[in-house]
Amino acid sequence: MKRSQDRFKLNYQYRIVPSKEQLNQLNDWLYKLCRIHNLMLEERFNWWECNRTPVNACSICITHLPQLKDQPTYYSQKRATHWSRESHKYLYEGVHSQVIQEAIKRVEDTFNRFIKGDLNGKRSGKPRFKSVRRYRTFSIPQLKSDCLSVTANPHRTQNGGTRRDIAYVNLPALGQVKLIYHRPIPEGFTIKAALVSHRADGWYVTLTLEDKSVPSLKPPKIEAMEDNSLGLDVGLEKFWTASDGEVEPIQQHYRQSEAKLVKLANRKDRKPHKSASRRKLAKKISKYHQKLQRKRKQFHYESATRLVSRNEKVFFVEDIKPGNLSRKNKPKQDKHGKYLPNGQSAKSGLNKSINDAGWGQFLSILTYKAAKAGKSVVKVKPHHTSQVCSCCDRYQEKDLSVRIHKCLCGFVLDRDWNAAINIKKVGLGIFPTIKRRKRNRKVTTKEAYTVPT
């Protein structure tokens, strides 16, 4: 299905309360779609293993050349005129046809990113076969414009206020499903598609809304100047520090609940395998993790809203990759092959704090909120911004444990505040040079540059 990119779209998520029959049907759909996902992925892996060796790059005396097969595509697997319809007919019964097509489309997208890469040429990891517990979402690509029916609730609360409206959404092959209508759909938007997902505390539907009269949301082009820009430095002691000295305290949601989660995990491990008590505790742990995830996301939205409500028009942030920062240390071995201490025990705590902060999610939310408010976010390379003095541009190497920047010129400032000022300078292009030290200890200069979002 061709997806247009020139129209403004929104995603509104609601909780649904299916009946017993609908609940059984939803669980049956997830089981069948999971099996179809694994079968289609297996067919693609078989083709990949048999056809990825070029015939002109290896000896035919050693390498066996199997019979070449055509590459499985979305259309060939969607037609399903081969073995899948005949020997696995039960998997296709009762499931909406477009839902199956979207599941096959998901397999094609993940496999193409593995062998070809995305638009930027970056390849993702090898796709995995899904278990029933890990396959929790399916897509409905088309919905009728009048699929949502909302009626006013005639009952009143004890205080005399109005209750939430009664709403039902009509999903194909499922019928009318009750929906918790906690916020209304904006005027001018029509429902185009839906994404049904099973989570720890129930079922949710994400409705894709489209307004044809509004163009797609694009970040505006604003000329950055000294008075309309702000530099931001994210950290673990303070969530972010602005170039004007404002600080956002960090909220370590996972760290504060780590002891309770460990206690619940130990209780679960003592229960017999596949017992009802073990399943109850596992569900309780998953609900607790979901609660922490929602608290973290709410904190990110509130923090981004406070930044966007300021007078600045351009926000300079660090071009960081939290996934690379939280990687494990490489193992060290001596000449006899014995493993040596590599500092991973100390790094594991740092990795946990980095993942708990959620810098990547916050920066994506800030980019969206800024574009919606007519502002822009610019990513800059943060090389040595915490090592260079923002007053005299002197390079002074510091360890992470040093939280106060003290320069030989007499300038004393908080380390994160100093880095935020340097990030703003790099974004504005007024940072003169950044001195980098190589392994041979020779000092070289390299100009800083920005990366457009």
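The values are calculated or read from the model by the stated rules, or taken from the named source; none is laboratory data. All values derive from a computational prediction rather than experimental measurement. Glycine also receives a Cβ, built like all others from the backbone with ideal geometry; neighbour counts cover every protein chain displayed.
Brief remarks on what is shown
- Taking the numbered list (1) part of a loop (DSSP other than H, G, I, E, B); (2) free of Cβ contacts under 8 Å to residues at least 24 places away in the same chain; (3) under 19 Å from I250 (Cα atoms) in turn, G349 passes all entries but (1).
- Test: K144 is in contact with a helix residue (DSSP H, G or I) (Cβ under 7 Å, 6 or more places away or on another chain), part of a loop (DSSP other than H, G, I, E, B) and over 22 Å from E21 (Cα atoms): no
- Condition check for V95: out of contact with any Asp or Glu (no Cβ under 6 Å at 6 or more places or on another chain) and either assigned to a helix (DSSP H, G or I) or among the acidic types (D, E) (or both): no
- Residue check, I191 β-branched (V, I, T), surrounded by 15 or more Cβ atoms within 10 Å (Cβ to Cβ) and assigned to a strand (DSSP E or B): yes
- Each residue in the range 317-346 was checked for being of a type outside the set (V, I, T) and in a loop (DSSP other than H, G, I, E, B), and 16 pass.
- Within the range 102-144, considering residues that are over 16 Å from V205 (Cα atoms) and of a type in the set (S, T, N, Q), the one modelled with the lowest pLDDT: N120
- Annotation note: Cβ proximity below 6 Å between a residue of the range 177-192 that is more than 17 Å from K9 (Cα to Cα) and in the same structural domain as W203 (by TED's automatic domain parsing) and a residue that is of a type outside the set (F, W, Y) and part of a loop (DSSP other than H, G, I, E, B) (sequence gap 6+ or interchain) occurs for V177/P18; Y181/D165.
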